[in-house]
Structures are given as C-alpha cells and as structure tokens.
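S.K.: Sharing a structure here in structure tokens format.
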Amino acid sequence: MKTYQKFLLLTAISLATACAQDVDPTEPISAVNYFVPKLSPTLQVAGFPQPERNMISVEGVDLGKKLFFDPNLSANGKVSCASCHNPELAFTDGVSLAEHGVSGEKLHRTAPAIFNLAWQTEGLFWDGGAHDLESLNFGPLTHPDEMGADLDEIITYLEHDPAYKKQFNVVFPEEQIESAQVSRAISQYVRTLISQDSKYDRWQRKEESLTDLEIKGYQLYQKNCSSCHQEGLFTDRSFHNNGLDKTYLNPLELEGLYQGRFRITSNPQDMGAYKTPTLRNIALTAPYMHDGRFQTLEEVLDHYQNGIQLNESLASQLTNGIAINQQEREALLAFLATLTDSLFIHNHHPKSN
Amino acid sequence: MKNLVYTALLSSILMCSSCNDVEVPATMAMDISLEHKLDGQTLELNGKSFTLPSGEDFTPKKFKYYISNVVLTNTQTGEMYEEMDSYHLISEDGNKSIDLGMIPSANYNQLTFSIGVDEVANGKTDQTGDLDPNSDMAWNWNTGYKFLVLEGEFTNKNTTERQGLILHIGTNPNFQTITQPLTGVRAGKAISLILAADLDELFKDPNTLQLSDLESTTIMFGEMAAKVAENYSEGFITVK
C-alpha cells in the first residue's frame, strides 16, 4: 500500500515537473522493517490479519510499546494503558471495576485481557462496539475516567520530546505527529501480544504431556465449553448471553450500557450478550465476566451449574445449566490452569525486554 | 498523504492542459460558505435565546456538522467535479467555509453533498484533517462519527424548568445526501457559493419535535435520531 502510494506520488511528481519545475522530487523514504509474528499452529488461525493502513514494523511496535507504558499521555501524568492492562496479570488489572483512572471514578466494566486481539475482527470491547484497535485506542486515551487526555496535548507532548519525535519520523511518513499515528503505533504493539506457549500448546505440539486429570478436564471443556470458548483462541469471537441476568437496567444517561451488544446492534437477540472472552491465561485474569462479578473460577462454574438466568436471549446451550460433579470440577479447573502462558507473561514484563 | 497524491496528480493534469491556449481558462476558483439561521435570525452561541418552531425557547451552545463528498455537475453536458477526500467539519464557532480551490471549468448547474460521513470513512477513526478525532466528533465506544451536533438549553413548558438538549446524530442510516440546483456558475469565472442552513428544519418537516414532551432530550441513537436525520435530509441546507 505504502509503496503503491509512493509510486503514485512519484508519477504525479514527474508528471507535474514535466509542465512546471516547482516540485521537489526528493521525498524522504523511510526504512522500517516490516514483519509478521511467528504463529503456533495451536492458535488454529489462518495467518495474521492486520489493516493495510497499519502494517506492523519492528520500529512501530517499539514506539507503540513505549506509548503503552507511558503515563505522561494521561491528563494527570499518572495513568498509562498498563495501569489497567498489567502484563503480569495477562494485561488485566485484578479488580472488578477500576477506580484507578485519572478521575478516580469507578468504571462500568472490567478491563479485559489484552492479547491475541489481531484475530478479534468481529468487534472489540465487551459489546463489540469498536471496529478495530486503531479506532478503539481513542476511547481509553480520552475517557474522563480512564486517561482523560486531550489529543492535542498528547501531540504537543510528543512533538516536544526529541526521542519520540525521532521515532515517529522513522515509523510514519508524515512530518507532523498526528493522533492517528499515536493510535496506530499502540495498535502495532498490541497486535504483537500473542499468547501461544501455554502447557496446553506444548501438549498439542507434542512437546510435553498433560496429566490424566488435565486430560479429563480437556474432554469436559470440549463437551461443555468449546462451542463458545472455541479451541485455538479459546473464543468464538462472537457474542452470547450466558445467563448472568434476567433483566437489564437501562438508565437513560448510560445509553444502554447494561444491555450488552443490544446497545450496538438493536437486535433483541443480543440483549445481555457479551463477547466470549478467551480462556487462555484465565487463572491470571480474575475477577471474571464483563462487570467482574465473580472473584474465582469456582464461582464461574457455580454460575454455569446453578446460576443461569433464563430469558429470551439466553444462549440455547445453557438453558439447563452445565451440570458437573466435584471430581469433574477439579479436572476442569486443572485443565484451565494449563492455559496459563508464563513465557508470554515473562516476555512482556516491562523489565524483561 | 492521499490528499497530496491527488493534489499532485490533479495539478499535473491541470498544468498540462493549461499549456494549450484556450479561451476559457481550464480552471476556476470556487468556495462555499455556510450561514446558520434559527427563527429567521443569525445563529449565536453566546447565550441569546431563540424560538423553535414548536414555540419553545432555546439557547444554543454548540453547533457543528460534517459536509462531505462535494460534487459539482453540469447535468446537460455530464461534466462533473468530485472533490477528493471531501470531509469538512463546519461549526458555528469555527470553520464555516469550504475552499474547493481551483476546479475544472464548467457551467455547473447542480451541487451535491452529504451531511455526515460515508460508510467507509465512518468505519474507523484513526484519520486526519477534519476527521481527526481531536475535534470531539468521533464516538469512542461505538466506532464512527457524530454527523451533526446541536447542544443547548430550553425551558420545559410542563415543568417550567431549564433543561438540556443534546442532539448527537450519526450512524450510517442517518447519512443523507442532498442535491441542489445552481444558477449563475459560469465556466472559468471564480465564484463564491452561499449555503444557508436553517436550524428550524431540524425540528420540523416532516417530524415535529416538541422538546418538552420528549422522554429524553439526549438524542443520540434510535428512532428519535432517525427522525432528526429525516428532517435534515430536506430543506435544512439550501443554496442561497
């Protein structure tokens, strides 16, 4: 795409110079190293989707990483993306509803894990309202209860920081830093957060074995959970009502926030439906569900067994709950623990690279 | 970047065609300015009160909208000029004009433009120029742009209390394209067009809005937003 534009530009310039000699043909050509991350077959994905307008490069990812961990982007200089998406907790924050944004006000939803999002092409956020990472990032950057930033002030800060300025000029062709580039760089970094080296992955790749208990748990997972938490990414990337609530509050000022995906699609079947979260690294990402209502995986299994609330939009698989006995429960939990990827956590710890 | 490509490309074509001697210059300058009126008076955001078609009083505080995909046509000859990357944020307290620059000369007799942002551009917000999300026209939780924003205060006739009005209209179904006849545009002659935006039309024709009777005066999505969009699809902006 970029080369195509350059080509067009060059043709345009040479055409123009044929008539008038007032265009400088010496456009600086930026040299960045594009790459595609190595993928494990255990992710069960076909390729690495990325938007043509923002192909990842080594330099772009470095810049994005720096931005991700930089609290100076926030209104009070104290909150970075990592404040709510901490690498040690698989990029979550360990609380139900964060109160650590710039305003100290409680958020309405819990911070989801941030990895394997390149494949989340059916929409981001719990209700799928954001089309892509590039568009999403302006949300946390400017939300008054998250980073509360003014985009123009971010640009001023970055323009006046010589190291940033230099990095932006390497990664992007434009002379001036623009908000779009800030978001694109962060997106490049986020797309490289790929978790694919858990014990489960090594087992699938025949590098390690699972215990009998774990294998039993795997079979229970396949039977009861995999229709939504689909093997590979451990999410079907789709939206379901998994029976958390019977009815949904709808205070006017929150614009349908408690109605799940219905707020985005106005489709009655999406009432109370949320994106299926991945089960990868699930042992690290408590509390659980879109509002962090469950503190432990035990509570989650209690919900699936006894807590399902019936209503019109409930996913049909869950009408009768998921009955499992104590032994099966232990097996399932043992299997879920094999989805923890300590290599991923280690590699993305800000101190380890 | 894209902009630059097109300008370079276009100017090269234009420069070359102007190498030949012709009577009518190959290009002509055109700009469009917008005038905002409410209740027959010039719009002001400084606390002045206006009367809405419903008879309710209204003090506007913010008014902005996108004009996009500007096209000029000569319906007889088929000559047409389409502005590239044509997205213009118009606001009462900011920019109120569209400079088309030098465009190919023709006796244009029709102007087409849209209110809002087309589906492609509305599908992402990491954009620049007038689509830069720094203008507070991008929605963050539901990717896309607000097409038209009107905010202010009115007196509720039932409660006699002051109440806020927030109109944030967007989403693809509310993207509206408008076609207007043009008179007096002559090939090769610089021209300034004036478009009049009549804010009364947001509140009537075909859907009358009686603010005091609305369940919510924060109108962003759903049925009410669609009604306002239907209102602005005709009679809201006209060539003066």
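S.K.: If a residue must be within 14 Å of the chain's Cα centre (by Cα) and of a type in the set (Asp, Glu), how many such residues does the stretch A:129-158 contain?
M.R.: 2
S.K.: Just one of (1) at pLDDT below 95; (2) more than 19 Å from residue A:55 (Cα to Cα) trips up residue A:127, so point out which.
M.R.: (1)
S.K.: Sticking with this structure for a sec: Would you call residue A:279 outside any helix (DSSP H, G or I) and not β-branched (Val, Ile, Thr)?
M.R.: So residue A:279 fits the description; yes.
S.K.: Still on this structure, please answer the following. Just need a number here: residues in the stretch A:280-299 that are of a type in the set (Lys, Arg) and surrounded by fewer than 18 Cβ atoms within 10 Å (Cβ to Cβ).
M.R.: In the first step, residues of the stretch A:280-299 are kept if they are of a type in the set (Lys, Arg); the result is A:280, A:293.
So of that shortlist, the ones also surrounded by fewer than 18 Cβ atoms within 10 Å (Cβ to Cβ) come out as A:293.
So the count comes out to 1.
S.K.: Let me ask something else about it. Take the residues in the stretch A:146-179 that are among the small types (Gly, Ala, Ser) and on the phi < 0 side of the Ramachandran plot, then tell me which one is farthest from the other protein chains (Cβ to nearest Cβ). Step through it out loud before you land on a result.
M.R.: The initial filter retains those residues of the stretch A:146-179 that are among the small types (Gly, Ala, Ser), namely A:148-149, A:163, A:179.
Pick out the ones that are also on the phi < 0 side of the Ramachandran plot and you get A:149, A:163, A:179.
Details: A:149: 10, A:163: 23, A:179: 5 Å.
So the residue we want is A:163.
S.K.: Any residue that is under 12 Å from the mean Cα position of the chain (by Cα) and either part of a helix (DSSP H, G or I) or more than 14 Å from chain A (Cβ to nearest Cβ) (or both) - is there at least one of those in the stretch B:128-135?
M.R.: Checking the stretch B:128-135: not a single residue is under 12 Å from the mean Cα position of the chain (by Cα) and either part of a helix (DSSP H, G or I) or more than 14 Å from chain A (Cβ to nearest Cβ) (or both).
S.K.: Report, by residue number, each residue of the stretch B:108-127 that is buried (at least 23 other Cβ atoms within 10 Å of the Cβ), over 21 Å from residue B:95 (Cα atoms) and more than 12 Å from chain A (Cβ to nearest Cβ).
M.R.: B:108
S.K.: Count, please, the residues in the stretch A:119-145 that happen to be buried (at least 23 other Cβ atoms within 10 Å of the Cβ) and more than 14 Å from chain B (Cβ to nearest Cβ).
M.R.: Total satisfying the criteria: 0.
S.K.: Ok, one more. Residues that are within 14 Å of chain B (Cβ to nearest Cβ) and modelled with pLDDT of 95 or more: does the stretch A:210-230 have at least one?
M.R.: no
S.K.: Now for a separate question. Can you work out which of the residues in the stretch A:48-72 that are assigned to a helix (DSSP H, G or I) and within 14 Å of chain B (Cβ to nearest Cβ) is nearest to residue A:33 (Cα to Cα)?
M.R.: This residue is A:60.
S.K.: Starting from residues that are among the charged types (D, E, K, R) and without any contact (Cβ under 8 Å) to a residue 24 or more places away in the chain, keep the ones in the stretch B:156-196 and report whichever is nearest to residue B:26 (Cα to Cα).
M.R.: Applying the filter and picking the extreme gives B:162.
S.K.: Which members of the stretch B:182-227 meet the condition of being within 25 Å of residue B:144 (Cβ to Cβ), acidic (Asp, Glu) and in a loop (DSSP other than H, G, I, E, B)?
M.R.: The one that is within 25 Å of residue B:144 (Cβ to Cβ), acidic (Asp, Glu) and in a loop (DSSP other than H, G, I, E, B): B:215.
S.K.: Let me ask another. Output the qualifying pairs, or none if there are none: Cβ atoms under 9 angstrom, residues six or more apart or on different chains, first residue in the stretch A:315-337 and without any contact (Cβ under 8 Å) to a residue 40 or more places away in the chain, second residue assigned to a helix (DSSP H, G or I) and of a type in the set (Lys, Arg).
M.R.: Between residues of the stretch A:315-337 that are without any contact (Cβ under 8 Å) to a residue 40 or more places away in the chain and residues that are assigned to a helix (DSSP H, G or I) and of a type in the set (Lys, Arg), the close pairs are A:327/A:216.
S.K.: Looking at A:312, A:328, can you tell me which residue is of a type in the set (Asp, Glu), surrounded by 15 or more Cβ atoms within 10 Å (Cβ to Cβ) and either over 24 Å from residue A:91 (Cβ atoms) or in contact with a helix residue (DSSP H, G or I) (Cβ under 6 Å, 6 or more places away or on another chain) (or both)?
M.R.: A:328 is the lone residue from the list that is of a type in the set (Asp, Glu), surrounded by 15 or more Cβ atoms within 10 Å (Cβ to Cβ) and either over 24 Å from residue A:91 (Cβ atoms) or in contact with a helix residue (DSSP H, G or I) (Cβ under 6 Å, 6 or more places away or on another chain) (or both).
S.K.: Output the qualifying pairs, or none if there are none: Cβ atoms under 7 angstrom, residues six or more apart or on different chains, first residue in the stretch B:212-240 and within 11 Å of chain A (Cβ to nearest Cβ) and among the small types (Gly, Ala, Ser), second residue exposed (fewer than 15 other Cβ atoms within 10 Å of the Cβ) and assigned to a loop (DSSP other than H, G, I, E, B).
M.R.: none
S.K.: State all residues of the stretch A:256-293 that are charged (D, E, K, R) and in contact with a helix residue (DSSP H, G or I) (Cβ under 7 Å, 6 or more places away or on another chain); if no residue qualifies, say none. Walk me through how you get there before you give the answer.
M.R.: In the first step, residues of the stretch A:256-293 are kept if they are charged (D, E, K, R); the result is A:261, A:263, A:270, A:275, A:280, A:291, A:293.
Within the stretch A:256-293, A:261, A:263, A:270 meet the criteria.
S.K.: Keeping to the stretch A:183-201, report how many residues are within 17 Å of the chain's Cα centre (by Cα) and either surrounded by fewer than 19 Cβ atoms within 10 Å (Cβ to Cβ) or touching a residue at least 60 places away in the same chain (Cβ under 8 Å) (or both).
M.R.: Looking only at that region, the number is 13.
The values are calculated or read from the model by the stated rules, or taken from the named source; none is laboratory data. From a predicted model like this one, the values you see are computed outputs, not experimental measurements. Heads up, the Cβs are rebuilt from the backbone with ideal geometry, glycines too, and the neighbour counts pull from every protein chain shown.
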